[in-house]
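The values are calculated or read from the model by the stated rules, or taken from the named source; none is laboratory data. These numbers were taken from a predicted model, which means no experiment stands behind them. For neighbour counting, all protein chains shown are included, and Cβ atoms are generated from backbone atoms with ideal geometry for every residue, glycine included.
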Amino acid sequence: MPAGTTLFFWVGVVGFAAIILVVISRVPRRKRLHGDPYATALNQLIQDDWDGALKSLRLAIESGHTSPDAYIKLGSLLRRRGDHDAAFQIHHNLTVRTDLDENERTQVMRCLVGDYQALGRRADALVALQELARRSRDPAIHMEIAEEALTSGEYDTAATALREAQKTDSTVSATVAAGFLARVGARCARHNLKQDAQRFLKQALKEDTHCAAALQLMGDLAYEEGDHETALFYWQKLVFAVAADNPEVHDRLEKVYFDLGRFGDIEKVYAQILDKRPQDMQTLLALARIAMKKGEFEDAERLLLQGREKQPDNPAAFQLLADLYLDQGKIQESRALIATFVKNQTK
C-alpha cells in the first residue's frame, strides 16, 4: 500500500473512533448508586428515618439484586404510612416466591396478618394466624389467635385458642385466662347472646373464683332477668372478694337489697367487709352515705373522718364530709376542711 494511502487510512480510523466516543458520551447514563441501598435502609430504620428508608428500599428493589427482607420491610413501611393495599400486594406477592427460607416465610405470614388487620379483613387475619401457628413455635401465637377470634366474633374459637395458650405459654395464668373469658362473656352480652355470655363467665369463674369482671357481669345478667337472689349472690361475693375502685358495685348491692326488702342488712354486710379490709375506702364511703340518709350524722362524720385519715386527698370523702358539715350548718368546720384540702392539693 502506498505511503499516502496508509496515512489516510489511519487518519480515517482515528476519526471514526472519535465519533464513536462522542456518541457514547452523549448517551444518558444511569446514575450510579453510592453504596448498598439496602444497608443504607437498615441504618435509616435504626435512626427512625422512615422516609429515607422507604426511598432506599425502593432503590434496592429497583437494582434487582436484593434480599426478600427488602420487600418485607418495604411493605411494612408502606402499611405504617397508611398505604395498606400496596403493603398487602408486596407481601402477598412474596408468598409465591420459591427462594424464601422458613424464617422468611414466617415473617411474610406475620406481615400478612398485620396487612389484613389494617384492611379490616379480620377473618383473613384469623386464618393467617392459624396458619402461622402451624409454622411457628412461638408460644404467644395462641393468645394472638384468641384475641383475633374475639375481635372477629368467633367466640368458641377464641376459647379454644386460650386453652392452647394455657398449654404452651407460661404467662397465661389462671387469672389471665379468667380475665379473657370474662371479656368473651361481656362481648356476648353486648350482642344479646346471654346464654353464651353466662357459659363463658362461668368458665372464667372456674379459672378464678374472684374474677371481678365475671362476678359483676353474672350479677348484672341475673338482675336483668329478674333473678334478684342470684344477682345478690354474685354482687355480694364480689364486694367481699375484691376492693372496688368505684361505687358502682355498692350501688348495685344496695339496690338489690332494697328490691328484696332487706335493705337493713346492708350495713352489717359493709361492717363485715371493713373488718376484713379496713382500708377499703369505697365500702367505708358507702356506709357513711347510708348513715347520712338515715340522719345518723355523728356516725357518718366518724366514718368520713376515718376515711380522710386513710386517704387525705380522696375527693369523694372530702365532698361527703363538706356536704355533711354544710347540711348541719357547721360553717367553721367546713372552712377548716376546705383549707386543709386545698393545702394538700398544692403541696
Tally time: how many residues in the stretch 282-316 are of a type in the set (A, V, I, L, M) and loosely packed, with under 15 Cβ neighbours inside 10 Å?
1
Would it be correct to say that GLY261 is within 30 Å of ALA213 (Cα to Cα), over 33 Å from the mean Cα position of the chain (by Cα) and surrounded by 20 or more Cβ atoms within 10 Å (Cβ to Cβ)?
no
For the stretch 199-220, state whether one or more residues are of a type in the set (Asp, Glu), buried (at least 20 other Cβ atoms within 10 Å of the Cβ) and touching a residue at least 12 places away in the same chain (Cβ under 8 Å).
yes
Residue under question is LEU321, and the condition is that it be over 26 Å from ALA244 (Cβ atoms) and either of a type in the set (A, V, I, L, M) or touching a residue at least 24 places away in the same chain (Cβ under 8 Å) (or both); does it hold?
no
Residue among GLU267, GLU254 that alone is assigned to a helix (DSSP H, G or I) and either without any contact (Cβ under 8 Å) to a residue 24 or more places away in the chain or of a type in the set (Phe, Trp, Tyr) (or both):
GLU267
Test: GLU248 is assigned by TED's automatic domain parsing to the domain that holds PRO315, within 29 Å of SER173 (Cβ to Cβ) and under 25 Å from the mean Cα position of the chain (by Cα):
yes
